[in-house]
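Worksheet: one structure, shown below.
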Amino acid sequence: KIYSSPIVHQVTHKKLGFVVIINDITEVRKLEKIRSDFVANVSHELRTPLTSIRGFIETLREGAIDNVEERDKFLEIIEFEAERLTRLINDILTLSEIENLKEGFVKEDIAIDDEVNEIFYIMEKTANDKSIKLIKDLNCSGVVIKTSKDRLRQMIINLVDNGIKYTPEGGYVKVTTIDRKGDVVIEVKDSGIGISKENIPRLFERFYRVDKGRSRKLGGTGLGLAIVKHIVESMKGSISVESEVGKGTKFTIVLPKDQK
Ligand code: ADP
């Protein structure tokens, strides 16, 4: 919007010219829209598992409870959806915490390779259950960066977890760390389903999924990569993706060692 107002001489009242104020409100509008879209999305995403839970409770009440097989199957679905709901709420809270505390979060000295080793220990069972091989190639021994342990861990876990989720049985997920001058490079590569070119630009948007049904079935929240992106930004780093459908995906994070 452009506002203009004349400048008038205080004594003669002659017009001397114009002051033009260009006020760019499009950015503000855009942010407002992102926020209101997010609230609408959150409501929808919370409602989906709740609708499913209520539906299955009703079916049980209507008689399915007397059939042991059906009862167990429906209870399992209710449990799965309740767990997804919990994950969804946790992810929403995490995202809002990272956004609100872009800087000034608690930092400590983290040895990158030690952290990856711990993450492998945590993820071992999930990978084993799906016969996915976890491979590591760690080249940052002695490299320490001052950052949030929780954030760094969540960032890598989200990528490894996706690697496992979107890789068929028998595949692999590989984490590589590289010491590159002022940066630490962390790569997470999988031999999974891959992502087509047209989906890559929207990947880090909240609630964006290439295949909604598949993500839900796998218990996804659609927020994992949005969280990763926000964490990387809070650490002044960058993230990129390379992928080929049917072959696999590689996420590369570059973090400056100097994390003041
Ligand atoms: P979700 O909870 O659905 O996994 P994310 O934000 O973690 O949400 O990922 C967004 C979408 O990106 C996923 O739904 C999936 O379609 C795609 N995606 C993420 N990681 C991978 C991967 N390693 N391989 C293939 N597709 C992936």
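The values are calculated or read from the model by the stated rules, or taken from the named source; none is laboratory data. None of the values given here were measured: they were computed from a predicted structure. With ideal geometry, Cβ positions are generated from the backbone for all residues, glycine too; neighbour counts draw on all protein chains shown. With ligands, DNA and RNA removed, areas are computed over all heavy atoms of the protein, side chains included. Shrake-Rupley method; radii C 1.70, N 1.55, O 1.52, S 1.80 Å.
Under 8 Å between Cβ atoms, at least 6 apart or on separate chains: pull out the pairs that start in region 207-220 with a residue that is open to solvent by 70 Å² or more (accessible area, probe 1.4 Å) and end on any residue that is hydroxyl-bearing (Ser, Thr, Tyr) and more than 7 Å from the ligand (Cβ to nearest atom).
Listed pairs, sorted by first residue: Val210/Ser196.
When you scan region 151-172, how many residues do you find that are more than 13 Å from the ligand (Cβ to nearest atom), surrounded by fewer than 13 Cβ atoms within 10 Å (Cβ to Cβ) and on the phi < 0 side of the Ramachandran plot?
Of the residues in that region, 1 qualify.
Which residue pairs have Cβ atoms under 8 Å apart, sit 6 or more places apart or on different chains, and have a first residue in region 158-181 that is within 20 Å of Lys217 (Cα to Cα) and touching a residue at least 24 places away in the same chain (Cβ under 8 Å) and a second that is aromatic (Phe, Trp, Tyr) and open to solvent by less than 60 Å² (accessible area, probe 1.4 Å)?
Here the result reads Leu159/Phe251, each pair linking region 158-181 to a residue that is aromatic (Phe, Trp, Tyr) and open to solvent by less than 60 Å² (accessible area, probe 1.4 Å).
Applying the selection to region 173-186, what residues are surrounded by fewer than 20 Cβ atoms within 10 Å (Cβ to Cβ) and more than 12 Å from the ligand (Cβ to nearest atom)?
Of all residues in region 173-186, those surrounded by fewer than 20 Cβ atoms within 10 Å (Cβ to Cβ) come to 174, 176, 178-183, 185.
The answer is Thr176, Ile178, Asp179, Arg180, Lys181, Gly182, Asp183, Val185.
What pairs come out if I take residues in region 96-125 that are closer than 13 Å to Val144 by Cβ and pair them with residues that are among the basic types (Lys, Arg) and not in a helix (DSSP H, G or I) whose C-beta lies under 9 Å away, six or more apart or interchain?
Lys107/Lys146; Glu108/Lys146; Asp109/Lys146; Ile110/Lys146; Asp113/Lys136
Considering (1) touching a Lys or Arg at 6+ places or on another chain (Cβ under 6 Å); (2) modelled with pLDDT of 95 or more, say which one Ser240 fails and leave the rest.
Single failed check for Ser240: (1).
Among the candidates Lys102, Lys146, Lys136, which residue alone is farther than 27 Å from Lys189 by Cα and not small (Gly, Ala, Ser)? Explain how you work it out, then say what you get.
Numbers: Lys146 fails: farther than 27 Å from Lys189 by Cα; Lys136 fails: farther than 27 Å from Lys189 by Cα.
Just a single option satisfies the conditions, and that option is Lys102.
Quick one: Thr59 ticks every box in (1) open to solvent by 50 Å² or more (accessible area, probe 1.4 Å); (2) free of Cβ contacts under 8 Å to residues at least 12 places away in the same chain; (3) more than 30 Å from Ile227 (Cβ to Cβ) bar one, so which box is it?
Of the numbered conditions (1) open to solvent by 50 Å² or more (accessible area, probe 1.4 Å); (2) free of Cβ contacts under 8 Å to residues at least 12 places away in the same chain; (3) more than 30 Å from Ile227 (Cβ to Cβ), the odd one out for Thr59 is (2).
Select from region 163-197 the residues that are farther than 17 Å from Val228 by Cβ and hydroxyl-bearing (Ser, Thr, Tyr) and list them in ascending order.
Matches in region 163-197: Thr167, Tyr172, Ser191, Ser196.
Only one of (1) closer than 24 Å to Thr221 by Cα; (2) exposed (fewer than 13 other Cβ atoms within 10 Å of the Cβ); (3) in contact with a helix residue (DSSP H, G or I) (Cβ under 8 Å, 6 or more places away or on another chain); (4) not hydroxyl-bearing (Ser, Thr, Tyr) is not met by Leu95, so which one is it?
Every listed condition holds for Leu95 apart from (2).
Filter region 224-241 for residues that are near the ligand (Cβ under 10 Å from one of its atoms) and under 24 Å from Lys107 (Cα atoms); which is most open to solvent (accessible area, probe 1.4 Å)? Full working, then the answer.
Initial filter on region 224-241 (near the ligand (Cβ under 10 Å from one of its atoms)): 224-229, 241.
Still in the running and under 24 Å from Lys107 (Cα atoms): 224-229.
On the way: Gly224: 20, Leu225: 23, Ala226: 1, Ile227: 1, Val228: 0, Lys229: 68 Å².
Among those that are near the ligand (Cβ under 10 Å from one of its atoms) and under 24 Å from Lys107 (Cα atoms), it is Lys229.
Suppose we filter region 197-214 for residues that are out of contact with any strand residue (DSSP E or B) (no Cβ under 7 Å at 6 or more places or on another chain), assigned to a loop (DSSP other than H, G, I, E, B) and not basic (Lys, Arg); how many remain?
6
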